[in-house]
Structures are given as structure tokens and as C-alpha cells.
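Below is one structure, written out as C-alpha cells; comments come after it.
All of the numbers you see were taken from the coordinates with simple rules; none came from a lab. Please read all numbers here as calculations on a predicted model, not as lab measurements. Neighbour counts are summed over all protein chains in view; Cβ atoms, including those assigned to glycine, are modelled from backbone coordinates with ideal geometry.
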Amino acid sequence: MSETPRAPRTPRTPPRSPSPTWAPWCGPCKQLGPELDEIAGEHSDKITIVKLDVDANPQSARDFRLMSLPTLVVFRDGDGAQRIVGAKAKAELLKGLDALLS
């Protein structure tokens, strides 16, 4: 059995990091981008959003077993604790991220 991949930790990486996976050709990914940028700006004291281009990082896509784009992998203390799949409205994203933002 393989271990669940962990996000790299650096002194500047907070324990709560949603990481959207995307590709330049992905329409729903482009739709999700501005909403995530707004959320990142509004909650910068609680979360950091790090985008992962799966075309440029195919090994990471395999390691995280990504099957659909966009997929938001939510890391808590370095572990992939939650996934949000598909383009969502800002209100839906906030609901899915509520545990991190509380």
C-alpha cells in the first residue's frame, strides 16, 4: 500500500493550504481561478492557496491520484485532508473550506 502524498512544508507554508490543480487548457480551471484569488485575498491570515499546473508537474498529478480537473486538494498539517472536485461558485467553495476558515 502506498502512502498518501504530503505537501512539502517550509517555514512559510501555513498548516492549512488549499491547492487547486489545473491546466492551461482547462476551461473550468480558468473559471475557478478568480474565485480562489478572491478567497485567498479575503482569508490570507488563515490559508494559502498554491496552484499546481498538472501539465508542468505530471508526477505530482500521479502522486495525488488526480482524476479530474479542477481538483482542490486541501492540506492540513501537510496531509491531503479533503478534496473539492469541479468548478464551484465562491459560496460553495467557502462552504467546503469552512473548517479551514473557522
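Between beta-carbons, use under 10 Å as the cut-off and find the net charge around residue 24, counting Lys and Arg +1, Asp and Glu -1. Provide the component values of the computation, followed by the final result.
On the way: positive: 30; negative: 53, 55.
Neighbourhood net charge equals -1.
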Between residue 74 and residues 5 or more places away or on another chain, the pairs with built amide H atoms under 5 Å apart involve 19, 81, 82, 83, 84
Can you give me the Rg/Rh ratio for the range 16-101, using Cα atoms for both radii and the Kirkwood formula for Rh? 0.93
